[in-house]
Amino acid sequence: MAQQKSISGKVISQSGEALGDVTVLIQGTNRAVKTNADGSFSIQAAPGERLVFRLVGSKEVVQVVGEGTVYNVTLQTGSEIDEVVVTAEFGMKRVSRAVGSSIQHIDGGTISESGRENFVTALAGRIPGLNVTSTSGTPGASNTIVLRNITSISGNNQPLFVVDGIPMNNSTFDPLSMAGSGSSTYSVRNLDFSSRGGDFNPEDIESITVLKGAAAAALYGSDASNGAIIITTKKGKAGKGTISYGNYFKWEKAYGYPEMQTKYANGNYGTTNYYNTARFGGLYPEGMKLYDNIAAILQTGAQQRHNVSIDAGSEKATIRGAFSQLNQNGILKTTDYDRTNLSLSGKATVTPWFSFDGAMQYTKTGNSKVLRGTDGPLYRAMLWPLVDDMSRYLDADGSHMRKPDYYVDLDLLNPLFAMYKNKLYDKSDRFLSNVSANITPFANTFIRAQVGWDVGMQTYETSRHPYYANANNGSGEYNLVQSNFSDPTINILAGYNNKFLQDKLSFSGQVGYHQLENKVTRSAANGTKFIVPDFQSINNTDPLSQTSTQRNTRRRIQALSAQFEFGYNNLAFVTFRARNDWSSTLPKDNNRYFYPAVEGSLILSDLQFVKNISAINFLKLRGSIAQVGKDAGPLEIYPQLEYSDQSGGGFKYGFTGPNPTLRPEMTTAHEVGVDFRVFNNRVNGSFTYFGTRNSDQIVKGFRLSYATGFVLNNMNVGTFKTWGWEAHLDGDIIKQPGGFTWNVGVNMSQGKSKVVYLPENVTEYYNAYTWNSGNIRNGIMVGHPITTLTGLAYERNEKGDILISPSTGLPITQSTWSVIGDREPKVRFGITTALSYKDFRLSGLFSGRLGATVVNGTKRTMMTNGTSWESVALRESGPVIFRGVLRDGNENSDNPTVNNIAVDYRAYGATIFAGGDEDWLEKNVNYLRLQELRLSYRLPKTFLQKGKIFSSMDVYFVGNDLFTWTNYSGIDAVGNTVSAAAGGTGGEGYDVWSIPSPRGFSVGLSLTLN
């Protein structure tokens, strides 16, 4: 055997950028190392041996060792090549050219460099068809993620999160789970808790793969019916041990808040009277001091994050340990979020036929928050009279809530007292672990066994101070919820792959057994009548007022799956998949459901007539059709029993009755698409058209006739279909040998839907928690989109003219709900751009929407209360005549009576005519947000070598949500009126006293020690 020698070199991308974490393997052995952050590597090899260079998302390169000792390698990365290896189901790898559905890959560095504390929000704008909506811009806000389109009317529409092949819990606590009066005081409308996906440390992510098609996610079963986001974590590097440290310090400022009118004081009919909260009084006296009470609830937000990781290992085993600490103070006073992450991961090749890998992660979080919407501080600050300094929220005794120095309504509450004296807090301890064993019993086969466990322990506390009430005369209320979840998972896979007919025909197949469980143990307590005003504890409440509940649920799914992939000449591929689930949450007769999938791809660029077109480097046609089932939640067949206070006692059903005939929802999806690269791989892109039919919808809380003995039930009552397209185009505008490059990428998507079936006696199914502005709400009607807005529209004649009341001159509104808008924008888009020159890099991310409809509930309330400048303009405009025709019996004749009745806004003394529901829908809203701007500089290695302490160092500046350009006149052009716990069609498109994302500036550095 030839003598081994030290081989070194550097791995770079085609743009000249150093590539870290590239695996350098001696072919046919287990000897391997990984490149450092600057792309350098060193390994022992003998002449004649082959060096294999591998990086997820890159084409493999093989280099034969000769007489030399230095080998510099250039990898084609990302979309430059067609042999990209992607992470697919259960952590398995697939060549992307064989995948027949849409799939996107994001490097972990892109996420960690985004300046976001939550990896979910970092995904926004980067992937076509992926929509991330945050509940607010406060610390720990929940996030709603939808891939392509909604698939369930009232159930879960978020994708499955998978970490190293194991599902990760991304639930959000629903305040309705509180005991006693807590469940009526709080709801998804006014209280938001964190989504558990935010527990994950972005620095631990090596790569993310997004599977949007039902065919791509079919093997994951019911929980992946909305797609899957697959996370691969870092497992350490072979070679010399390294210590890495990174940090950032961030400052945030609120912007875009409504401007309060400073002309008219509290009162009505032009007469100042501070007993009224509405501002239709007289002019403020000249020189009177007015206070900015909205500014009183705001502050400069600040956060810092520190990350330390240690990588070490040999050619046969690697290990990685990491620690991360995040501390955040929000832009609203008293709000904060803290997160601690500890992780340990690694992998080892024990023998040529046996290897294993595993990871353990511990997360500890704490989050202080405020109420939102019309119970939140922004709304309360708007009501406070400008002539009083709201920041002085304590009375002279230092204990009670201070009222304004002027006479006002007794129900006026100081939001700062609530922020400092009420408690809205949650904390969590969580362990996420997994271990996988891989066995190769003989050539071309594998057996993979995975065991994972995601367990979390959460505490949710809310309290209402007894003095936070009319005349400081409340009793106080305290809620405590202990909620634990335990999600064990087992996956066992066995497979075979080989090539036949002189490598013309390829085959791979795998079968699997899967078992997962979702167990929740929840205890809740509620008490009122505080004994000591400032002591927040259940022990401080009147024992006679205390109530408690306990709820334990368990959902289990067992499944068998199979996948068989056939390929011909690396040119054409077809994959067949099938899965059968058995669910514990469905009736015994309906708990087994089978769903198949088939996908195919054809590499057109490998055909001779396409090869002759020099501009085309790669062209792939793909398509898929699949079914995915979705079961019910726990206790949806037979709801939880309640104590009966009737004679004889016992237990009974509550408002919701049983349904022993419930069936699984079923989504049938299809898609066709094309991937391409042209002009020497300078330009790449993709286009996909997709459609789904979502049948047997399990609608929760469906209203029944009282004759049934119940008010609500969980029933299969709806069917709707969705369709749309998504596209992306990415190109190197400038690519010079000297190292200067400029890349621009654009992604766009459009989704549409239509409800095709509801029961004949149901004209509308609506979500009551979205009923937050007038009579506007999420309403679902046959023949209309599932994102429909319904409300009380104006009455119209047969020609569409608005009908006017002959007695008042005002438009007449209908008494029944009808369709007035659609929240789904015409187009969603994202734009990425990056300039790099040598060690400098400037990158940006824009996101936006075209043709959206937004409910401007904030401005509607301000108009009604006279606090907006628009209300000033109306009361000073003089009499107006509303366009329309009189409802005088001639409205449908050939000559209807055109309205000529003048209306004077000044006649509305204590309020103002603020219009109807239709007037507060802003349609055709366009907006563009500068979501991320990053400038980084990598210090030259020659400079670092002088100190011999650091092997690499980057310094950077990041701006987040810096500017928004829009024709929308409210606070937040996206808006979200409910927490992610609401599920269903969500609350996107409602701007009702929203707290939008603040403008953020951060500086930081990342370094690696020698």
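Using Stokes-Einstein with the Kirkwood hydrodynamic radius over Cα pairs, what translational diffusion coefficient do you get for the stretch 299-367 at 25 °C and a viscosity of 0.890 mPa s, in µm²/s rounded to a whole number?
D = 171 µm²/s.
Under 17 Å from the 7 Å Cα→Cβ point of MET288, by amide nitrogen: which residues of the stretch 850-885?
866-869, 872
What are the radius of gyration and Dmax of the stretch 5-76, computed over its Cα atoms and given in Å?
Final numbers for Rg and Dmax: 11.0, 31 Å.
Assuming R0 = 56 Å, can you tell me the calculated FRET efficiency for the pair SER537 and ASN761, based on Cβ-Cβ distance, to the nearest 0.05?
0.70
If you take the beta carbon distance between GLU17 and GLN44 as r and set R0 to 22 Å, what does 1/(1 + (r/R0)^6) give as a FRET efficiency, to the nearest 0.05?
Efficiency, from the Cβ-Cβ distance: 0.20.
Could you state the number of Å between the C-alpha centres of the stretch 575-606 and the stretch 613-665?
Result: 17 Å between the Cα centres.
Per residue and in cubic angstrom, what volume does the convex hull of the Cα atoms of the stretch 536-674 have?
208 Å³
Nearest 500 deg cm²/dmol is fine: what mean residue ellipticity at 222 nm does the chain get from its DSSP H runs of n ≥ 4 alone, each adding -39,500 (n - 2.57), divided by its residue count?
Result for the chain, helices only: -1500 deg cm²/dmol.
Need the C-alpha centroid separation for the stretch 698-763 versus the stretch 387-409, integer Å.
Computed from Cα coordinates, the inter-centre distance equals 48 Å.
Given 0.36 nm per residue, what is the gain on full extension from ARG682 to LEU641 after removing their alpha carbon distance, in nm?
Here the answer is 8.4 nm.
Hey, what do the phi angles of the stretch 150-161 turn into as Karplus ³J(HN,Hα) couplings, whole Hz, using 6.51/-1.76/1.60 and θ = phi - 60°, x for Gly and Pro?
Once rounded to whole Hz, the list reads 5, 10, 9, 5, 10, x, 7, 10, 8, x, 7, 9.
Residue farthest toward the positive end of the dipole of the stretch 5-76, with Cβ of Lys/Arg at +1 and Asp/Glu at -1: which of LEU19, ALA37, VAL65?
VAL65
Using the Cα centre of the stretch 5-76 as the reference point, and only Cβ charges (+1 on K/R, -1 on D/E), how large is the resulting charge dipole? Debye, rounded to the nearest 20.
Here the size comes out at about 140 debye.
Just to check, using Stokes-Einstein with a Kirkwood Rh over alpha carbon pairs, what's the diffusion coefficient of the stretch 182-322 at 25 °C and 0.890 mPa s in µm²/s?
Answer, rounded: 111 µm²/s.
Quick check on packing: order 732-742, 97-107 by the mean number of other C-beta atoms within 10 Å, highest mean leading.
97-107, 732-742
Once both labels are modelled 7 Å past Cα along the beta-carbon direction, what's the THR521-ALA469 spacing in nm?
Between THR521 and ALA469, the label points sit 3.5 nm apart.
Please give, to one decimal in nm, the separation of the simple spin-label points placed at VAL955 and ASP589, each 7 Å out from Cα toward the Cβ.
The answer from the label model is 7.3 nm.
Would you mind finding the longest exposed-site-free stretch of the chain, with exposed GluC sites (Glu not before Pro) meaning DSSP loop and at most 11 other Cβ atoms within 10 Å?
The answer is 287-759.
What does the stretch 754-844 give for Rg and for Dmax, in Å, if only its C-alpha atoms count?
Considering the stretch 754-844 through its Cα atoms, Rg and Dmax are 21.7, 75 Å.
Within the stretch 774-861, list the trypsin sites (Lys or Arg not before Pro) lying in a DSSP loop whose Cβ has at most 15 other Cβ atoms in a 10 Å radius.
In loop regions of the stretch 774-861 (DSSP not H, G, I, E or B), the sparsely surrounded trypsin sites (Lys or Arg not before Pro) are LYS799, LYS826, LYS838.
Put a dot 7 Å past each Cα toward the Cβ at ALA768 and PHE354; how far apart are the dots in nm?
Result: 5.9 nm between the two label points.
I need the semi-axes of the equivalent ellipsoid of the chain: take the C-alpha gyration tensor, multiply each eigenvalue by 5, square-root it, list largest first in whole angstrom.
The answer is 52, 33, 31 Å, longest axis first.
Please go through the stretch 374-416 and write out the chymotrypsin sites (Phe, Trp or Tyr not before Pro) that DSSP classes as loop and that have at most 14 other C-beta atoms within 10 Å.
Qualifying residues, ordered by number: TYR406, TYR407.
Given an 8 Å cut-off on Cα distances and at least 6 residues of separation, report the relative contact order of the chain as a percent.
Across the chain, relative contact order equals 11 percent.
Read-outs throughout are calculated quantities, based only on the coordinates presented, and are distinct from any laboratory measurement. Bear in mind that the values here come from a model prediction, so they are computed numbers and not experimental data. As a convention, Cβ positions derive from the backbone with ideal geometry for all residues, glycine included, and neighbour counts pool all protein chains shown.
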